[in-house]
């Protein structure tokens with residue numbers, strides 16, 4: 001059994017990625033870029049300011065990118081609040097891991113406001129040794145920095161941790177971190193991960209998932 005567990009948040013702990021995709025689609029349209037929802041799913045991932053710079057180059061200043069990012073995330077939280085809940089079975093899984101003394105941390109590309117939104121509304125902080133977000137690192141996924149930071153908070157290396165992810169980008173970050181991964185298929189199909197060999201399991205949710213069988 002791995003010594004620690006690291007969770008991504010969006011799409012992994014809460015099934016919110018389509019809300020994010022639609023919020024991005026609407027915001028990008030306001031900025032003059034019309035993308036299909038499939039194009040958004042394929043191309044819009046990572047830290048918001050990096051996304052905007054990657055797409056628009058130097059069209060926006062740093063402050064403008066921050067403002068656009070804040071507007072998009074505020075709209076996302078308003079839309080999602082009535083539906084906010086953990087992925088099925090996760091509450092029980094967290095309870096079992098805590099009872100077993102397995103340390104857990106979160107390593108997400110989400111902005112701090114969104115992390116607080118989930119953590120505090122669902123009262124999740126008691127389960128986690130550390131909660132790390134976009135402000136915790138200088139490089140977003142697929143760079144593995146966020147996972148190294150999360151593992152270090154538990155006194156572990158990433159190789160000693162099992163990482164739960166939902167995205168191809170997150171899976172790549174886990175691979176670069178030298179960690180095994182479980183993919184929650186809320187957002188992407190398992191076929192999209194066919195080129196990875198560090199994935200130990202695909203799950204639709206956490207129902208019936210126990211803490212055994214995740215050896216390297």
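Right, residue 129: modelled with pLDDT of 95 or more, over 16 Å from residue 11 (Cα atoms) and either outside the structural domain of residue 51 (by TED's automatic domain parsing) or under 13 Å from the mean Cα position of the chain (by Cα) (or both) or not? For residue 129, the condition - modelled with pLDDT of 95 or more, over 16 Å from residue 11 (Cα atoms) and either outside the structural domain of residue 51 (by TED's automatic domain parsing) or under 13 Å from the mean Cα position of the chain (by Cα) (or both) - is met.
Looking across the range 87-127, the residues that are assigned to a loop (DSSP other than H, G, I, E, B) and under 22 Å from residue 47 (Cα atoms) come down to 108, 109, 110, 111. Within the range 70-82, residues that are outside the structural domain of residue 134 (by TED's automatic domain parsing) have Cβ atoms under 6 Å from residues that are surrounded by fewer than 18 Cβ atoms within 10 Å (Cβ to Cβ) and outside any helix (DSSP H, G or I) in no pair, counting only partners at least 6 apart in sequence or on another chain. Of all the numbered requirements in (1) out of contact with any strand residue (DSSP E or B) (no Cβ under 7 Å at 6 or more places or on another chain); (2) part of a helix (DSSP H, G or I); (3) over 21 Å from residue 45 (Cα atoms), residue 192 misses one, and that requirement is (3).
Looking at residue 52, is it in a helix (DSSP H, G or I), closer than 23 Å to residue 146 by Cβ and outside the structural domain of residue 168 (by TED's automatic domain parsing)? Quick ask: steps written out before the conclusion?
Numbers: in a helix (DSSP H, G or I): yes; closer than 23 Å to residue 146 by Cβ: yes; outside the structural domain of residue 168 (by TED's automatic domain parsing): yes.
Considered against the rule, which asks whether it is in a helix (DSSP H, G or I), closer than 23 Å to residue 146 by Cβ and outside the structural domain of residue 168 (by TED's automatic domain parsing), residue 52 comes out as yes.
For the range 171-183, the tally of residues that are in contact with a strand residue (DSSP E or B) (Cβ under 8 Å, 6 or more places away or on another chain) and either farther than 13 Å from residue 5 by Cβ or surrounded by fewer than 17 Cβ atoms within 10 Å (Cβ to Cβ) (or both) stands at 5.
The values are calculated or read from the model by the stated rules, or taken from the named source; none is laboratory data. On a predicted model such as this, the values are computed, not experimentally measured, just so you know. Every residue, glycine as well, gets a Cβ built from its backbone with ideal geometry; the counts of neighbours run over all protein chains shown.
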